[in-house]
Amino acid sequence: MSEPFLIGDNMTGGYGRGPDILHNCTISVNKGEIAVIVGPNGAGKSTAMKATFGMLNVRSGAVRLDGEDITKLSPQERVMKGMGFVPQVRNIFPSMTVEENLEMGAYIRSDDYRETMEQVYDLFPILRDKRFQAAGELSGGQRQQVAVGRALMTKPKVLLLDEPTAGVSPVVMDELFDRIIEVSRTGIPILMVEQNAKQALEIADRAYVLVQGANAHTGTGKDLLADPEVRRSFLGG
Amino acid sequence: MTQSMRAILFFGFMAALFIIEGSTNFWIFSGSWNTSLVILNMALVSAVMALGVNLQWGYAGLFNTGIMGFVALGGLAVVVTSLPPVTESWSAGGYRIILGLVLGALTIAGTILMRMKLPQGRLRGVLTLAILIGGFFLYRAVFDSGVQAVEAIDPSVTGNIGGLGLPVLVAWPVGGLLAAGAAWIIGKTALGLRSDYLAIATLGIAEIIVAILKNEEWLSRGAKNVNGLPRPVPYEVDLQQSAEFVANAASFGLDPVTASTLYVKIGYALLFTAVLVTILVLSQLARHSPWGRMMRAIRDNETAARAMGKNVTRRHLEIFILGSAVCGFAGAMMTTLDGQLTPASYHPLRFTFLIWVMVIVGGSGNNLGSVLGGFLIWWLWVKVEPLGQWLAQVLTYGLPEGHWIAVRITEAAAHMRLFTMGLVLLFVLRFNPRGMLPEN
Amino acid sequence: MDFLNAVVAITNLLIIPATTYGAQLALGALGVTLIYSILRFSNFAHGDTMAFGTVVTIGITTLFQSWGISLGPLPTALLALPFAVAITAVLLVGTDFAIYRFYRKKRAVPIIFVMASLGVMFVMNGLIRFMAGVKDQTFDDGTRFIIKARDFKNWSGLDEALALRTTQVLTLVVAIAIVAWLFWFLNKTRTGKSMRAFSDNEDLALLSGINPNRVVMVTWVIVAMLATTAGVLYGLDKAYSPYTYFQLLLPTFAAAIVGGLGNPLGAIVGGFVVSFSEVMVTYVWKKVAIYLLPEALEPNGLLQLMSTEYKFAVSFAILVVVLLFKPTGLFKGQSV
């Protein structure tokens, strides 16, 4: 099997000079896939994703994007290489309008980004209605859409989402998952960290269960949902 | 090199500077013991101020830019404590002034009380305005007539209400108390908000305090200055007339005039040293007490301390009041040393920001460091000008006298002080942020 | 007639001066607020930055005068202003390069920046004293009045005079032009938007590929423009002296905080709130009262709430009230 589009291969590392949080952890996502990382609190889910984005010190192992080794690159440089990242919190510019948020997403682009903006508005129609409203005044779910939209403005080759449904109501959560599936249908591979393991596994083509910074179970979403041990330990039976 | 070795070395160096100043007439040194003592006395006062600021900044991380105000309040304390009361002024209008001030205070207290008792709403808003406006006009009516009456009395000599006629040493703790009161008001308002806000609020209160000293002639005589404040040490003239003193001076081989000036200055130096040592010891004790440890814990991680149930704002208020009181105390000492209160001489660069340079250069959080900073920076402050002139001479050596470059450089040398202090502060912050004697 | 006289009296000594002063404060407060929102600290050297820009303007003005260049009825300083802005910008960007950048890289806490700004304040204060001494300086060489008091009296037949100085009109025109440009820049240009983004959410701005060094540099250049203009307008209107400019720090800060630190619109409103309060509280209301009240109620006193020396107390009182009741300011500023 050829190598996945984005892979964090055998990563060990931690924040700055701090202790290692990840231990030989591998996560990857392929074209056209949704990959999710689930696990108990403090398992290093977000950390693993941030490691692929260059936000922590990977002491051994490597990160490769489309076969290119990007282990040494800064997050900004990875954005240039085509990675889009949506942080869990503080992921919008609250005092700026929705449209300005999207413009800032396209800041590094020198070509005409209006077409991309239209695509984002098509994907998230509510944002078109609220395009001149300050993003900070929107509801939680709408703000997450702004955040994802902002990341999409760079036309990323892969999108990383850090707990996109944190703190939103179940109805909004379902809607957000629908949107994420739609984004993935446009051909962008998605790697996301999720707290709501069950729903996430249902839409996952590839899933990782992390425990204490190491891979515990790997497989397709369906496999893991069916795995009795995963069910017992993480999904409450 | 260990910490104590460093301390001994630096203080030894400082001592040497003062000894050279007194004994050698060379380069920028005057060779006059009198000058040396003058610098030393102000250095001692500065060191006390630096200790006060170090309490706030070094222990608790509070950024106070109103030191000048607290120092000035100390100066005012000397006037209102030690001057004899001017009886005619009191009978003319002094009591009316006091009544006016009481009315003013009652207005504010009444407003606060009313706001606490009544629920929020339009009635409360209207009443607040009504009480404030009514109270203000009542206060002004009583107060202004009193002030006019007092200031009319022999304005070239008095025109003020004088003081309580107590010994001048009593004024020092009173200065501390006045400063503590002002600090309480400011702390209640600005503590608990972002750190910059305290800085701006204290900057403001300092300007206001000095404005009061400059304008309330019934209190501080404003631009007319208060001269002839009582002293805790004998007067030179009296000493020179004492046969015993003259004889003693002669036995040291000194003429009476020199001996008397030295005697007076040494007297101040001893008094100030006693105060400095006491405050230093108390500060050290406080630092190692549970209270001091908690203070530093709060400084290092406020969020964690709050989470552990510590009342951070309350602790900050305590140390802010304490540190300001020390500055007020030092301010009273300084005015006593000067023997006069000159409201126009209070300048924030000199009385607020220079003290900051002392604390930062000496070593934030380290009391000995603050004392050292006080000595060194004060010495520099005094000596930068002669140094600048010397430098100007060297630079313009060989230029004909009156050449425009020479004139320009010599003029510029007069403004070296602020420039140098700024550079010192920036360099220390950048390359040695923990100061000469770092906190251990 | 009495009513008209009262209106003229209020306009002449309250509304016109307060508006002028308010515009000057607003420009100063805009500088403070911009630094706060981009570099995240209260810049204590701002008063001295205004002074520096003014001193340079005075220098260039003198040079122009010696060459015989003038703007006719307008002060020559206006011609010198752009050059002074450029020089001040070089100084500020240089200061950032030499001092603040180091702490930004270390991600130092705001209070360290404030400390460093104290150092800068000292150095700048020394610098302006080197350059221009400590005395008051006036450098307005244009036509002094647009409306002269006597002309107004003759024209209107009122007892009260109204005078309008060129510098007062100039202050308003220049201030409006600069503020209009600033808002256009912040809201319509890519660079301006990237500055707002940086101020809103620094981490996300970095992720979006916004170059922090560029944002900071542009900020300093704009601050140089705002501070120099504010200082020059104040100096033309009143006079330049290093100590007055240092003291402008307090009302400027008060204006920025009252409006909501970090909020440009707030800074402008704050400037006028502070200036109008200052002038109203120190205004002698006696004349107005005499015109408006029946004779029986005529006041004996000056009806001045506070003497002019206490104008700082007014800035301060406003500051305290805002801190007590609305710490984020009238317009929502950044976090407290």
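The values are calculated or read from the model by the stated rules, or taken from the named source; none is laboratory data. Just so it is clear, the model here is predicted, and its values are computed rather than measured. Every residue, glycine as well, gets a Cβ built from its backbone with ideal geometry; the counts of neighbours run over all protein chains shown. For the accessible areas, the whole protein counts, side chains as well, though only heavy atoms, and no ligand, DNA or RNA atoms are used. Shrake-Rupley method; radii C 1.70, N 1.55, O 1.52, S 1.80 Å.
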(message) Any residue in the stretch C:185-197 that is at the interface with another protein chain (Cβ under 9 Å from one of its Cβ atoms) and more than 12 Å from C:Asn211 (Cα to Cα) sitting within a Cβ distance under 7 Å of a residue that is open to solvent by less than 30 Å² (accessible area, probe 1.4 Å) and assigned to a helix (DSSP H, G or I)? List the pairs, counting only those 6 or more apart or interchain.
(response) C:Lys193/A:Glu100; C:Lys193/A:Met104; C:Arg196/C:Leu186
(request) Evaluate the following for B:Gly328: is it buried (at least 23 other Cβ atoms within 10 Å of the Cβ), modelled with pLDDT of 90 or more and away from every other protein chain (no Cβ under 14 Å)? (result) yes
(request) May I ask you to list the residues in the stretch B:184-204 that are more than 7 Å from every other protein chain (Cβ to nearest Cβ) and either without any contact (Cβ under 8 Å) to a residue 60 or more places away in the chain or in a helix (DSSP H, G or I) (or both)? (result) B:Trp184, B:Ile185, B:Ile186, B:Gly187, B:Lys188, B:Leu198, B:Thr202
(message) Where the second residue is in a loop (DSSP other than H, G, I, E, B) and open to solvent by 50 Å² or more (accessible area, probe 1.4 Å) and the first is at the interface with chain B (Cβ under 9 Å from one of its Cβ atoms) and lies in the stretch C:97-111, which pairs have Cβ atoms under 8 Å and are six or more apart or on separate chains?
(response) C:Pro110/C:Arg40
(message) Can you find, within the stretch B:414-440, the residue that is nearest to C:Met131 (Cα to Cα) among those that are buried (at least 20 other Cβ atoms within 10 Å of the Cβ) and small (Gly, Ala, Ser)?
(response) B:Gly422
(request) Considering only the stretch C:199-217, state which residues are within 14 Å of chain A (Cβ to nearest Cβ) and part of a helix (DSSP H, G or I). (result) C:Ser199, C:Asp200, C:Glu202, C:Asp203, C:Leu204, C:Ala205, C:Leu206, C:Leu207, C:Pro212, C:Asn213, C:Arg214, C:Val215
(request) Considering only residues that are closer than 21 Å to C:Leu25 by Cβ, more than 9 Å from every other protein chain (Cβ to nearest Cβ) and at pLDDT 80 or above, look in the stretch C:318-336 and name the one that is surrounded by the fewest Cβ atoms within 10 Å (Cβ to Cβ). (result) C:Val321
(request) Return the only residue of C:Ala161, C:Ala149, C:Ala177 being touching a helix residue (DSSP H, G or I) at 6+ places or on another chain (Cβ under 7 Å) and either of a type in the set (Gly, Ala, Ser) or open to solvent by less than 30 Å² (accessible area, probe 1.4 Å) (or both). (result) C:Ala161
(message) Checking the structure you have, find out if any residue of the stretch B:178-195 is modelled with pLDDT under 85, within 21 Å of B:Phe353 (Cα to Cα) and not aliphatic (A, V, I, L, M).
(response) yes
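Residue by residue, here is whether (1) within 13 Å of the chain's Cα centre (by Cα); (2) in a strand (DSSP E or B); (3) of a type in the set (D, E, K, R); (4) within 29 Å of A:Leu235 (Cβ to Cβ) holds:
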{"position": "A:Arg17", "(1), (2), (3), (4)": "no, no, yes, no"}
{"position": "A:Lys31", "(1), (2), (3), (4)": "no, no, yes, yes"}
{"position": "A:Ile37", "(1), (2), (3), (4)": "yes, yes, no, yes"}
{"position": "A:Pro40", "(1), (2), (3), (4)": "no, no, no, yes"}
{"position": "A:Ala43", "(1), (2), (3), (4)": "no, no, no, yes"}
{"position": "A:Ala48", "(1), (2), (3), (4)": "yes, no, no, yes"}
{"position": "A:Ala51", "(1), (2), (3), (4)": "yes, no, no, yes"}
{"position": "A:Val58", "(1), (2), (3), (4)": "no, yes, no, no"}
{"position": "A:Gly61", "(1), (2), (3), (4)": "no, yes, no, yes"}
(request) Please note which strands (runs of 3 or more DSSP E) are completely contained in the stretch A:180-237 and include at least 1 residues that are aliphatic (A, V, I, L, M) and surrounded by fewer than 23 Cβ atoms within 10 Å (Cβ to Cβ). (result) A:206-211, A:214-219
(request) For the stretch C:211-228, enumerate the residues that are open to solvent by less than 10 Å² (accessible area, probe 1.4 Å), among the hydrophobic types (A, V, I, L, M, F, W, C) and more than 14 Å from C:Leu186 (Cβ to Cβ). (result) C:Val216, C:Trp220, C:Ala224, C:Ala227
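Determine which member of the set C:Asn300, C:Asn263 is open to solvent by 20 Å² or more (accessible area, probe 1.4 Å) and either closer than 30 Å to A:Ser95 by Cα or touching a residue at least 12 places away in the same chain (Cβ under 8 Å) (or both).
One residue alone meets the criteria, C:Asn263.
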(message) Only one of B:Leu123, B:Leu138, B:Leu118, B:Leu127 is more than 13 Å from chain C (Cβ to nearest Cβ), loosely packed, with under 12 Cβ neighbours inside 10 Å and more than 21 Å from B:Val80 (Cα to Cα). Can you tell me which?
(response) B:Leu123
(message) Tell me the residue from C:Gly231, C:Gly142, C:Gly192 that is open to solvent by less than 30 Å² (accessible area, probe 1.4 Å) and either touching a strand residue (DSSP E or B) at 6+ places or on another chain (Cβ under 7 Å) or assigned to a loop (DSSP other than H, G, I, E, B) (or both), please.
(response) C:Gly142
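Residues are listed down the side, and each one gets a yes or a no for (1) surrounded by 15 or more Cβ atoms within 10 Å (Cβ to Cβ); (2) outside any helix (DSSP H, G or I); (3) not aliphatic (A, V, I, L, M):
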{"position": "B:Leu37", "(1), (2), (3)": "yes, no, no"}
{"position": "B:Val45", "(1), (2), (3)": "yes, no, no"}
{"position": "B:Trp57", "(1), (2), (3)": "yes, no, yes"}
{"position": "B:Asn64", "(1), (2), (3)": "yes, yes, yes"}
{"position": "B:Ala72", "(1), (2), (3)": "yes, no, no"}
{"position": "B:Leu76", "(1), (2), (3)": "yes, no, no"}
{"position": "B:Thr81", "(1), (2), (3)": "yes, no, yes"}
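Per-residue answers, yes or no, for (1) without any contact (Cβ under 8 Å) to a residue 40 or more places away in the chain; (2) under 24 Å from B:Arg287 (Cα atoms); (3) within 20 Å of the chain's Cα centre (by Cα):
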| residue | (1), (2), (3) |
| --- | --- |
| B:Val361 | no, yes, yes |
| B:Trp390 | no, no, no |
| B:Thr420 | no, no, no |
| B:Leu426 | yes, no, no |
(message) I'd like to verify a number: residues in the stretch A:56-70 that are open to solvent by 20 Å² or more (accessible area, probe 1.4 Å) and either free of Cβ contacts under 8 Å to residues at least 24 places away in the same chain or among the charged types (D, E, K, R) (or both), how many?
(response) 5
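I'd like to check something: does the stretch C:67-79 contain any residue that is within 14 Å of chain B (Cβ to nearest Cβ) and hydrophobic (A, V, I, L, M, F, W, C)?
No, there is no match, as no residue in the stretch C:67-79 is within 14 Å of chain B (Cβ to nearest Cβ) and hydrophobic (A, V, I, L, M, F, W, C).
Among C:Ala51, C:Ala86, C:Ala23, C:Ala29, which is at pLDDT 95 or above and open to solvent by 40 Å² or more (accessible area, probe 1.4 Å)?
None of the others qualify; the one that does is C:Ala86.
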(request) Evaluate the stretch B:159-168: report whether one residue or more is at pLDDT 85 or above, assigned to a helix (DSSP H, G or I) and not hydroxyl-bearing (Ser, Thr, Tyr). (result) yes
(request) State the number of residues belonging to the stretch A:88-106 that are more than 24 Å from A:Phe53 (Cα to Cα), open to solvent by 30 Å² or more (accessible area, probe 1.4 Å) and within 7 Å of chain C (Cβ to nearest Cβ). (result) 1
(request) State which residue is surrounded by the most Cβ atoms within 10 Å (Cβ to Cβ) when the search covers only the stretch B:303-317 and only residues that are part of a helix (DSSP H, G or I) and in contact (Cβ under 8 Å) with a residue 12 or more places away in the chain. (result) B:His316
(request) Please specify each residue of the stretch C:308-317 satisfying the condition of being open to solvent by 40 Å² or more (accessible area, probe 1.4 Å) and farther than 19 Å from B:Gly135 by Cβ. (result) C:Thr308, C:Glu309, C:Lys311
